1. Leaving out ligands and nucleic acids, note down the accessible area per residue over the chain with a 1.4 angstrom probe, in whole Å².
2. Just to confirm the number: angle between the C-alpha axis of helix 5-14 and the first principal axis of the chain, 0 to 90 degrees, nearest 10?
3. Can you list residues whose amide H is under 5 Å from Val18's amide H, if they're 5+ apart or on another chain and H is modeled 1.01 Å from N?
4. By the gyration tensor of its Cα atoms, with a ≥ b ≥ c the square roots of the eigenvalues, what is the shape of the chain: rounded for a/c under 1.5, prolate for a/b over b/c, or oblate?
5. At a 1.4 Å probe radius, carbon and sulfur cover how many percent of the accessible area of segment 6-46?
Amino acid sequence: MAISDEEFDEVTSGNEWVLVDFWAPWCGPCKAAAQEVQETQNLHASVGLVYITILIEDGQGNPPDLADLE
């Protein structure tokens, strides 16, 4: 789901626990950490952790594609 700047501000200021993950399809460490980030999200969902992924453009400057997360 895409959100606006205003919605991002509302979510990040209106929740006690927010994990913001910056992710790019060309980033090896992003891919390597993906499983651990998912496990953290699942582990702490019961305490209200809000998880937001910010997709970064690819190496050629193209906008992000949600399919890159799969």
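1. Working: 5320 Å² over 70 residues.
Per-residue value: 76 Å².
2. Tilt of helix 5-14: around 40 degrees.
3. HN-HN under 5 Å from Val18: Val50.
4. Working: a/c = 2.69, a/b = 1.33, b/c = 2.03.
Oblate, because a/c is 1.5 or more while a/b does not exceed b/c.
5. Numbers: 1680 of 3120 Å².
Answer for segment 6-46 is 54 percent, counting heavy atoms of protein chains only.
The values are calculated or read from the model by the stated rules, or taken from the named source; none is laboratory data. Predicted model only: the values in this text are computed from it and were never measured. Surface accessibility is based on the protein's heavy atoms, side chains included, excluding ligands, DNA and RNA. Shrake-Rupley method; radii C 1.70, N 1.55, O 1.52, S 1.80 Å.
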